[in-house]
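Since every read-out is calculated from the coordinates, none of them should be taken as a lab result. Just so it is clear, the model here is predicted, and its values are computed rather than measured. So basically every Cβ, Gly included, is an ideal-geometry build from the backbone, and we count neighbours across all protein chains shown.
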Amino acid sequence: MEAEAGDRALLERKVRRAFQVLVLQRGRNPGVKGWEMKRHLGREYRKIIEVLSEDVAPMGLEVFEVKGADGTDDSSRFLLRFKEPPSITEAETSGIRIDDLAVLAATIAFINSKQSRVARREVEQFLREKFPRWRIDYSLDRYLKRGYLEQDDRTMLHIGWRTHAEVDEKTLMTLILSRAQEAAKK
Amino acid sequence: MESSSANPFDVDIREKILILKQRLPELKILDELLVDAEAMLELAQIVKLQDQWLKSRASSLYIDPLLIQLKLKLLPKEALYGAFIKSWHPIAQVDQLSPRGLEKAFVYWRDLVPISERFKDQFGTYGTRPGIVDYAELVSLGVFTKEEFETNLTKLYDELLSKSNGEWVDYREFVGDESFEIKVRRAYLLSFLISEGRALLKTEPLTGKIWTMALAERVKGVPKSVAISITGEN
């Protein structure tokens, strides 16, 4: 009985620790790598994360895993994110500009349609039909810095880790296709 | 191929490898062999791109690029914004000031060189802003001596008096000289003559012309300031 209570207390402590580790930003980028989780919570960290994910669900949150480039557990990044997308009103109150997010949405869709890699100049040229040049440069640089997009040494743009973490790309593509049909009907 | 989004299957890898295979026995020099190895590496990169291309096409995210471009063009930015929000799960996180962050900030501030000293090595000392240099300062800088200044002023006055002879003369023609330094010096001296009431200045805003005239007798009136730029051009 005592052993059971001890185990429960240990689990609660570890879950609390996992929450603190995930919610406090440590480095420049949000989230915690798998190897860090192992260091903080021990080898069974995935079980702790599962419990935490259930605990935060009533608050509209979830623990999300973004697989690393090599696919190993250590390179995975764990994040605490909104379980459901925010409402338009909620997003508006956060001070995000419509133009900025529209640039990002169009860029993600464009890159995905081009086998996940496209020359930056090609993206810029495409976006120029809808947005002013200064807005495109500013937004692309900003999203590169924040990890939503990635640019290699050949100035090819790719989808960044943060987009994989925050954006349901399949839903985005579906919505773009369906809304375009609605816009065309109007 | 790697720096464009062209179809990697446009390259016939088999054909290229056969060419390299045929040429290999002819290559004797190290440089040629290195170029050959480089070509092989590039082909390997294209095979990698082909692999990515196939994976992307096989994924559920694949949509014909032309179709998606057309759809994106049709959509107003508000609709794009709405589509993004509906597929967005923002990261929940707290930005906080940690003791370690505070310590880093303190060390940074403590070691920060004052702005006046910071870029001295790269750019030298800062120049001063445009301002007024008066006669006393010029004397103190050794540009003029008092005697030389008076002599030069009288000389310029006599020159203007003989040239104008009661008529307006073109200001730029009068102060103009081959040497920029002399031109500035003459303009500076003339400004003294005008300030002292020994010469007049007239401007024509429409044509941009400036006229001057020496007066036989000193006059007094309400002083007015006129800004005239002196350039190195003749």
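What is the Å³ per residue value for the convex hull set by the Cα atoms of the protein assembly as shown? Intermediate results must be reported in sequence, preceding the final value.
Values: hull volume 152.7 nm³, N = 420.
Spread over its residues, the Cα hull of the protein assembly as shown gives 363 Å³ apiece.
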Counting DSSP beta bridges with both ends in the protein assembly as shown, the antiparallel % (nearest 5)
95 percent
In angstroms, what radius of gyration and Dmax does chain B have, counting Cα atoms only?
38.3, 101
Output the 0 to 90 degree angle, nearest 10, between the alpha-carbon long axis of helix A:169-185 and the longest principal axis computed from the alpha carbons of chain A.
40 degrees
Can you tell me the orientation of helix A:45-56 relative to chain A, as the angle in degrees between its alpha-carbon axis and the longest Cα principal axis, to the nearest 10?
70 degrees
Helix A:98-113: inclination vs chain A longest Cα principal axis, degrees, rounded to 10, gives 90 degrees
Run down the lysines and flag those whose C-alpha is under 18 Å from the C-alpha of B:K77, throwing out any fewer than 8 positions away in its chain.
A:K130, A:K185, A:K186, B:K86
Could I have the simple spin-label model distance between B:E173 and B:S225, label points 7 Å from Cα toward Cβ, reported in nm to one decimal?
3.0 nm
Helix-only estimate, please: 222 nm mean residue ellipticity of the protein assembly as shown, summing -39500 (n - 2.57) across DSSP H runs of length 4 or more and dividing by its residues, to the nearest 500.
-17500 deg cm²/dmol
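Take each complete run of DSSP H in chain B, measure how far its Cα atoms stretch along the helix's own axis, and keep only those covering 24 Å or more with mean Kyte-Doolittle hydropathy at least 0.0; list them.
Details: long enough: B:30-58 (42 Å, 0.11); B:146-164 (27 Å, -1.00).
Span-like helices, by this rule, are B:30-58.
Suppose R0 equals 56 Å. What FRET efficiency, 1/(1 + (r/R0)^6) with r the Cβ-Cβ distance, do B:Q96 and B:E196 give to the nearest 0.05?
Working: r = 69 Å, r/R0 = 1.24.
Computed FRET efficiency for B:Q96 and B:E196 comes out at 0.20.
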Only residues of region A:73-111 count here: report those whose backbone N is under 19 Å from the spot 7 Å along Cα→Cβ of A:R128, or say none.
A:103-104, A:106-108, A:110-111
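Determine, from the Cβ-Cβ distance of A:R39 and A:A3 and an R0 of 41 Å, the FRET efficiency 1/(1 + (r/R0)^6), rounded to the nearest 0.05. The partial results should precede the final answer.
Working: r = 26 Å, r/R0 = 0.64.
So the FRET efficiency works out to roughly 0.95.
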Average partner coverage of A:76-86, which counts Cβ from other chains inside 10 Å
3
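Rg(Cα) of region A:2-84 divided by 2.2 N^0.38 Å?
Details: Rg = 13.0 Å, N = 83, 2.2 N^0.38 = 11.8 Å.
Here the Cα radius of gyration is 1.10 times the empirical estimate.
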Debye log10 I(q)/I(0) at q = 0.16, 0.24 Å⁻¹ for region A:98-159, Cα point scatterers:
-0.41, -0.99
For region A:18-149, build the convex hull from the C-alpha positions and give me its volume per residue in Å³.
136 Å³
Mean Cβ count within 10 Å, highest first, over the residues of peptides B:84-92, B:72-80, A:37-45
B:84-92, B:72-80, A:37-45
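Short version: what are the Cα gyration tensor semi-axes of region B:8-71, square root of 5 times each eigenvalue, largest first, in whole Å? Write out the running numbers ahead of the final one.
On the way: eigenvalues 253, 20, 19 Å².
Values for region B:8-71, descending: 36, 10, 10 Å.
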Relative contact order, percent, chain B [alpha-carbon distance under 8 Å, six or more residues apart]:
12 percent
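Would you mind checking A:K47/A:K145; A:K14/A:K83; A:K114/B:K21 for any pair whose Cα atoms are more than 24 angstrom apart? Display every interim value, and only then the final one.
Working: A:K47/A:K145 33 Å; A:K14/A:K83 22 Å; A:K114/B:K21 33 Å.
Long pairs (Cα-Cα over 24 Å): A:K47/A:K145; A:K114/B:K21.
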